[in-house]
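Here the structure comes first, spelled out in structure tokens, and everything after it is commentary.
No lab work stands behind these numbers, since they all come straight from the coordinates. Computed from a predicted model, the values in this text were never measured in an experiment. Methodologically, a virtual Cβ is constructed for each residue, glycine included, from the backbone with ideal geometry; neighbour enumeration extends over all protein chains shown.
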Amino acid sequence: MARPVFPVRLEARPEPSRAAGWVSPLIAAAATLVVGFVLFSLLGKNPWQAFHVFFVKPVETLYGVAELLLKAAPLMLCAVGLAAGYRANVWNIGAEGQLTMGAIFGGGLALAFHESTSPFLLPAMIVAGCTGGMLWAAIPAFLRTRFNANEILVSLMLVYVATYTLSLLVHGPWRDPEGFNFPQSKMFGDGALLPNLVAETRLNAGFLLALAAIALGWVFMTKSLVGFQMRVAGLAPAAANYAGISSRKTVWIGMLLGGACAGVAGVDEVAGPIGQLLPSVSPGYGFAAIIVAFVGRLHPLGILFASLLMSLLYLGGESAQMGLALPSAVTGLFQGTLLFFLLASDVFINYRLRVVRRRPVAAQTA
Amino acid sequence: MDHVAELLVLTLAAGTPLVYAALGELVTEKAGVLNLGVEGMMLVGAVAAFVVTATTKNPWFGVGAGIAAGAALSIVFAVLTLTLMANQVATGLALSLFGVGLSAFVGLDYVSVVIEGLQSTSLAALAATSAWSKLAFGHNPLVYLSLALFFAIQWFLYRTRPGLVIRAVGESPQSAHAIGYPVVRIRYLAVLFGGACAGLGGAYLAVAYTPLWVEGMTAGRGWIALALVVFATWKPWRVLAGAYLFGGVTLAQFQAQAGGIAMPSQVLSMLPYIATIVVLAIISRDVATIRLNAPASLGRPFHPDA
């Protein structure tokens, strides 16, 4: 067998380290900054100036802070729903599609009652969006529990189907007749738009919905019996099975919660900053939320902070595009790097580094 | 009848990226590692191949770059999951998200660049005689290479000792470790091979199938390749058949449009994804077969000390 090349090796900890679990996202964020520093330097930018444009400039004004919260809201919603499933090893990666379905259902209602000024229209849209997201998530849940089909692949495939469905609608039946043939719906009526929270900004009541989801998620995951059962199912499937926790129920609840939250996020977007249906209603929030969920340690409070960080990455990307002539694709690069470093530093939760003293070869064969 | 031959030629061309990506993932999974990053590795392979082809004007250099890029990205996955024991599902997702971002970033200046792609074989004179001779001789060299790869993998996995060792590692890493095989090193190689194949599949898309670069141009083929490995119940020849079946489905939209079938293009574009879901459900329904054929340690980390 190969001798260890490095004088250190990983040794399993007797029990997982909680401290390492909370420190690891900080290590990951720091390491991502270092990579950013190097990347900016390589691209011939002054890294300090680039950092300023990326991370400080977007939030220097009240408007900027409001944008930060505005973009964090859908991330929070999607991530908290996904985390509930991930804790139980239910891998829903189709939040982007469930978000799109939520936007279709909620937006469809807004278009159907276009002239309505009823105070019930907006709540009805949120319920519709929630239902749309749940229906879309129910497909992988059903196929998994009934046909044993892998929920990762099914939920991901449905993202494409949802996107094409939205495209079909805004190119066809829902197209604005006065829209100069652009693939977009009519602008929603005032009764279908989320009320503003802070004057002169775009921050709307959707942020409160996201906070409510965080709070409800916390109660569900830490205080409820079902939440506890799902955690057991994730940590020790055999024990959960022995304790009579139904794995079908776990899958259904995990998927539906993810779909419901993502669906609400979809309504949030179309009844908030967008105000109509477009062929694309999300710059990948549903995928970024996967990273948010992990960086937030699948814990609602962690997700709150992680979604703010991720939102800052989105804003920074836009700001870098204008201020540094860098492509906004830099955002996706940072998101991926952050998750890589997080997964790498997570090794210290279950393992610790041990320095291996070189012993004589004879002793080593023992 | 010539129409049938014509269609078969197109089907083979459309199925080839899936053949590469799915065969590579098959070998990775045979060693017990589930790499969900195929989509990301394909995209990075595609963009690397395109950029190098555009710069050097030689598509073969591009293909080499695609292979290298896919393999390089898979090393990240291997270090995280095999050395640092990270969760394979989460790391694979990270790899896909990262690959999408990285390829978009690298390819930004190349979106409207035109390249001279990889041409079909020099047997053109033979191929030109009829549609049927085109089916035999008229393909892109990478299509022939993918078939060669299939036979090589089939032979390697089931007829050679290293192939047997890979399968043993996938079934029971503990036993393989106990009798002295370097489990982690074997898994590294399997992951690397899968990455190289995914990169090659991406390269085929960018320099042979549609010689151009578009952000996210793989359009979910990496995920379909993952599904194909399940459909195929981890058997190479069924991977091949499945890949061509799906190649055919992606063609259906063009055929329907050409044939004047009045259906919105979006509905036709959904077809491959819906087909994937339906077939996945039908195949997975048989839990016993899946359990019997799936590598027993698939997705589980292995630490030599444990």
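Near A:K71, which aspartates and glutamates are there with a Cα under 20 Å away, not counting those fewer than 8 places off in the same chain?
Within reach: A:E60, A:E96, A:E200, A:D268, A:E269, A:E318.
What list of ³J(HN,Hα) values in whole Hz, one per residue of region A:16-25 in order, does the Karplus curve 6.51 cos²θ - 1.76 cosθ + 1.60 (θ = phi - 60°) give from phi, with Gly and Pro shown as x?
For region A:16-25, the Karplus curve yields x, 8, 5, 4, 4, x, 8, 7, 3, x Hz.
Taking neighbour counts of Cβ atoms within 10 Å as a proxy for exposure, in what order, fewest first, do A:D346, B:D286, B:D109 appear?
B:D109, B:D286, A:D346
Quick one: compute a quarter of the convex hull surface over the Cα atoms of region B:1-96 and quote it in nm².
Details: hull surface 31.0 nm².
If you wrap the Cα atoms of region B:1-96 in a convex hull and average its projections, you get 7.7 nm².
Between A:F294, A:F54, A:F37, where does the largest GNM mean-square fluctuation fall for chain A, given springs only between Cα atoms within less than 10 Å?
A:F37
Please determine, in degrees from 0 to 90 and to the nearest 10, the orientation of helix A:330-345 with respect to the longest principal axis defined by the Cα atoms of chain A, where the helix direction is its Cα long axis.
For A:330-345 against chain A, the angle is about 40 degrees.
Within chain B, what's the longest stretch lacking trypsin sites (Lys or Arg not before Pro) that sit in DSSP loops with no more than 15 other Cβ atoms inside 10 Å? Please report the intermediate quantities before stating the final value.
Working: sites that count: B:K57, B:R285.
Excluding the exposed sites themselves, the longest stretch runs over B:58-284.
What is the local net charge at B:I224, summed over the other residues whose Cβ is closer than 13 Å to its Cβ (Lys, Arg +1; Asp, Glu -1)?
Numbers: positive: B:R221; negative: B:E25, B:E39.
Overall, the nearby charge balance is -1.
Give me the one-decimal Kirkwood hydrodynamic radius in Å for chain B, with the sum taken over alpha-carbon pairs.
Working: mean 1/r = 0.0507 Å⁻¹.
Value: 19.7 Å, from the Cα pair sum.
Which percent of Cα pairs goes in each bin when the distances of the protein assembly as shown are cut into 20 angstrom slices starting at zero?
Result returned by the calculation: 17, 52, 27, 3, 0.
If you build a Gaussian network model of chain B, linking Cα atoms that sit under 10 Å apart, which residue out of B:F105, B:F77, B:F246 swings the most?
Highest fluctuation among the options: B:F105.
Between A:Y351 and residues 5 or more places away or on another chain, which pairs have amide H atoms under 5 Å apart, with H built 1.01 Å from N, and which residues are they?
Distant-sequence amide H within range of A:Y351: A:R13.
Tell me, what are the semi-axes, in whole angstrom and largest first, of the equivalent ellipsoid of chain A as set by the roots of 5 times the Cα gyration tensor eigenvalues?
Values: eigenvalues 307, 155, 61 Å².
Over the Cα atoms of chain A, the semi-axes work out to 39, 28, 18 Å.
Can you compute 3J(HN,Hα) from phi for each residue in region B:244-255, using the Karplus curve 6.51 cos²θ - 1.76 cosθ + 1.60 with θ = phi - 60°, rounded to whole Hz and x for Gly and Pro?
6, 4, 6, x, x, 5, 5, 6, 3, 5, 5, 4
Strictly greater than 18 Å: what percent of every Cα pair in region B:166-290 meets that?
Working: 5086 of 7750 pairs.
Cα-Cα pairs in region B:166-290 separated by more than 18 Å: 66 percent.
Collect residues whose amide H, placed 1.01 Å from N in the peptide plane, falls under 5 Å from the amide H of B:L34; neighbours closer than 5 in sequence don't count.
Counting only residues 5 or more places away or on other chains, the set is B:G299.
Could you give me the ³J(HN,Hα) list for region A:121-138, computed from phi with Karplus coefficients 6.51, -1.76, 1.60 and θ = phi - 60°, whole Hz, x at Gly and Pro?
4, 5, x, 5, 5, 5, 5, 4, x, 4, 5, x, x, 5, 4, 5, 7, 5
Which order do peptides A:197-209, A:16-28, A:270-282, A:130-142 fall in by mean Cβ count within 10 Å, highest first?
Values: A:197-209: 17.5, A:16-28: 15.4, A:270-282: 21.8, A:130-142: 24.7.
My ranking of the peptides, most packed first, is A:130-142, A:270-282, A:197-209, A:16-28.
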